[in-house]
Structure formats: C-alpha cells, structure tokens
Amino acid sequence: MLHSTGLVQVEAEAAFRSMVPLDRVVAVTLTFRVTNGRSTSPAWTSVIANATQTCQTPGVVAYTFDHEWWYLTIPCDKVG
C-alpha cells in the first residue's frame with residue numbers, strides 16, 4: 001500500500017523528470033541567436049576563394065582573414 005507521502009514523492013519525481021528536457025530546450029533556443037560574431041562574417045567559401053586568389057600572387061605565403069575581433073591566417077600551401 002502506498003502512503004500519501006509516497007504518492008506525493010512519486011508525483012514530484014515525475015514532474016521533475018518532465019521538466020529536465022525544458023532546460024535543454026531553453027539552452028538550445030538561446031544558443032541559436034540570430035546574430036553573433038560568426039553570423040556576421042562572410043561565407044567560408046568566399047574567404048577561401050579570396051585566399052586562393054591572393055595566394056596566386058608571387059611571393060605571398062599566407063592570407064590573413066580578419067573580421068571584427070578575430071582573425072585567421074591561412075598558409076598558401078593549404079589552399080588550392
């Protein structure tokens with residue numbers, strides 16, 4: 001026989017288990033903001049196209065892409 005306190009505990013545990021996915025939904029939703037530092041940068045394919053074109057210039061050994069607060073140096077031997 002289940003006492004009323006046991007029933008309350010079972011109901012509380014069931015309610016908690018149903019709430020756990022809610023925190024994940026909130027976390028995932030907040031992660032997909034419309035704009036962030038990466039979403040405002042150009043498409044990666046255009047960065048590689050610029051690097052490839054720049055690296056065809058004699059004497060150039062690397063292409064540096066900078067956007068807002070971050071940058072990336074791409075060695076010319078890594079682009080086609």
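Listed by first and then second residue, the pairs linking a residue in the stretch 45-61 that is in the same structural domain as residue 76 (by TED's automatic domain parsing) to a residue that is surrounded by fewer than 11 Cβ atoms within 10 Å (Cβ to Cβ) and among the hydrophobic types (A, V, I, L, M, F, W, C), with Cβ atoms under 9 Å apart and 6 or more places separating them unless they lie on different chains, are 55/61. Regarding residue 37, is this residue surrounded by 10 or more Cβ atoms within 10 Å (Cβ to Cβ), more than 24 Å from the chain's Cα centre (by Cα), modelled with pLDDT under 70 and not hydrophobic (A, V, I, L, M, F, W, C)? Criteria not met by residue 37.
The values are calculated or read from the model by the stated rules, or taken from the named source; none is laboratory data. Predicted model, so just to flag it, every value in this text is computed and none were measured. Heads up, the Cβs are rebuilt from the backbone with ideal geometry, glycines too, and the neighbour counts pull from every protein chain shown.
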